[in-house]
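What follows is one structure encoded as structure tokens, with my remarks underneath.
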Amino acid sequence: MYRVVRKIHFSYGHRLMNHPGKCINLHGHNARVEIELSSEKLDGLGMVMDFYKIREAIGHWIDETLDHKMILCEKDPLVAVLQNEGEPIVLTKENPTAEVLARMIFEEARKRRIPVSKVTLWETENSSAVYHE
């Protein structure tokens, strides 16, 4: 089995409803996502997938959808306020944790027919969440 990893950096804001600590407040992260691809075979160029093509395929979506956006649970009372002010927000069905964002990126990569095997989202330098099937 061959594996390659492409790292993509982006910034986002969020808050976690009902969190017992300071994550209940609006705050931001400079995140790093590591998208791991796996394949038993290499393509005609001897690659799982060209790193540039990975960046083009999923990195563009991350830039357009998540980068510099406020990511909130659809039940968050701040949603209406921020939408009314024209702020760019992304809604999730559950708290927008690192785990949820990792799954979201994984699922989008699969939709784009990228042979993703694992997504690791580093919320901070020391804390990451992983999603794989």
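Laboratory data are not the source of any read-out in this text; all were calculated from the coordinates shown. Values in this document were obtained by computation on a predicted structure and should not be read as measured data. Neighbour counts are summed over all protein chains in view; Cβ atoms, including those assigned to glycine, are modelled from backbone coordinates with ideal geometry.
Brief remarks on what is shown
- Candidate lysines for bridging to Lys7, where Cα separation is under 20 Å - those fewer than 8 sequence places away on the same chain excluded: Lys53, Lys69, Lys111, Lys118
- On full extension, the segment bounded by Glu94 and Ser39 gains 16.6 nm, given 0.36 nm per residue less the C-alpha separation.
- Cα-based reach from Lys75 at 20 Å (exclusive), listing lysines while leaving out same-chain residues under 8 positions away: Lys22, Lys93
- Rounded to the nearest 10 degrees, the inclination of helix 98-111 to the longest alpha-carbon principal axis of the chain is 50 degrees.
- In nm, spacing of pseudo-spin labels at Val79 and Arg55 (7 Å Cα→C-beta vector): 3.5 nm
- About its Cα centre, segment 30-121 has a charge dipole of approximately 320 debye under the convention of +1 per Lys or Arg Cβ and -1 per Asp or Glu Cβ, with nothing else charged.
- Candidate values (i) 24, 21, 11; (ii) 30, 15, 12; (iii) 30, 19, 13, label of the one derived for semi-axes √(5λ) of the Cα gyration tensor in Å: (ii)
- Each helix, a run of at least 4 DSSP H residues, gives -39500 (n - 2.57); summed and divided by the residues of the chain, these come to -6000 deg cm²/dmol at 222 nm.
- Hull shadow area, averaged, segment 59-124 [alpha-carbon convex hull, nm²]: 4.9 nm²
- From most to least packed by mean Cβ count within 10 Å, the peptides 24-32, 8-16, 94-102 give 94-102, 8-16, 24-32.
- Cβ-derived FRET efficiency at R0 35 Å, Glu87 paired with His132, nearest 0.05: 0.60
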